[in-house]
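> Attaching a single structure in structure tokens format; questions to follow.
The values are calculated or read from the model by the stated rules, or taken from the named source; none is laboratory data. Since the structure is predicted, the reported quantities are computational estimates derived from the model, not experimental observations. Please note: Cβ atoms are built from the backbone with ideal geometry, for glycine as well, and neighbour counts cover all protein chains shown. To get the accessible areas, we keep the full protein, side chains included, count just its heavy atoms, and leave off ligands, DNA and RNA. Shrake-Rupley method; radii C 1.70, N 1.55, O 1.52, S 1.80 Å.
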Amino acid sequence: MAASADSIRGGGLCVLTRFPILYREEYALPHDGKGAGALCAVLDLDGRPLRACSIHLDANWSELRAADGQFHLTSMELAQLAWAEFFGQTSRRLAVKALIWQLRGERQMPTLLGGDFNTLPWSSTIRTISRSLRDTAWLTKTYLRGTYHDLSESFQPRIDYLFVSRNVQAWQTQVVSCRTGDHYPVRTELRL
């Protein structure tokens, strides 16, 4: 079964599952004009609910993309972007705060949240969401493994994440080296 959201960012958010979908919710999130949203589907895992959410946060730095589709950033431009991500009030941080607020009503439901956060580890966005959900790659060799590979330099930042609620166990998180797009998929095994 699949749940998809066409009203957010013109599509692109999807939850694919072999479990029945009980219901789904779409959330438009704060953004800087590029659009951001989340799609959450509540799945029936043999009588136990699991909320699986797909998210895409805007990248206000996407205008730096060159005609060849890659980013050609100077060291100064990269430093300015990193400074804003770590210490600024970005639309991505506001978006995850808004999503956490939306999901507050069912805090006890096991939750999986994954997707393109368009930000770096330890950024204000990731620190904000980590107060409510756990990064499945935390304290693993995968933690700093790059997921976005469409840069001209050898720098491949990690901008795709999987987070779980405290009542979900995660192990064997890995970045899958499969060049089907400009992002590598992130995979983890879960236990409720």
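> Could you tell me how many of the residues in the range 103-125 are assigned to a helix (DSSP H, G or I) and either touching a Leu at 6+ places or on another chain (Cβ under 9 Å) or within 18 Å of Thr173 (Cβ to Cβ) (or both)?
Going through the range 103-125 one residue at a time, the tally reaches 2.
> Same structure, new question: For residues in the range 16-30 being outside any strand (DSSP E or B) and closer than 16 Å to Ile100 by Cβ, which is least open to solvent (accessible area, probe 1.4 Å)?
Leu29
> Which pairs turn up if I take residues in the range 33-48 that are open to solvent by 30 Å² or more (accessible area, probe 1.4 Å) and look for partners that are hydroxyl-bearing (Ser, Thr, Tyr) with beta carbon separation below 7 Å, at least 6 apart in sequence or on another chain?
Going by the 7 Å Cβ cut-off, the qualifying pairs are Lys34/Ser62.
> Mind checking which residues of the range 51-61 are in contact with an Asp or Glu (Cβ under 8 Å, 6 or more places away or on another chain) and not basic (Lys, Arg)?
Scanning the range 51-61 gives Ile55, His56, Leu57, Asp58, Asn60.
> Looking at Ser132, is it out of contact with any Asp or Glu (no Cβ under 8 Å at 6 or more places or on another chain), small (Gly, Ala, Ser) and modelled with pLDDT of 90 or more?
Values: out of contact with any Asp or Glu (no Cβ under 8 Å at 6 or more places or on another chain): yes; small (Gly, Ala, Ser): yes; modelled with pLDDT of 90 or more: yes.
For Ser132, the condition - out of contact with any Asp or Glu (no Cβ under 8 Å at 6 or more places or on another chain), small (Gly, Ala, Ser) and modelled with pLDDT of 90 or more - is met.
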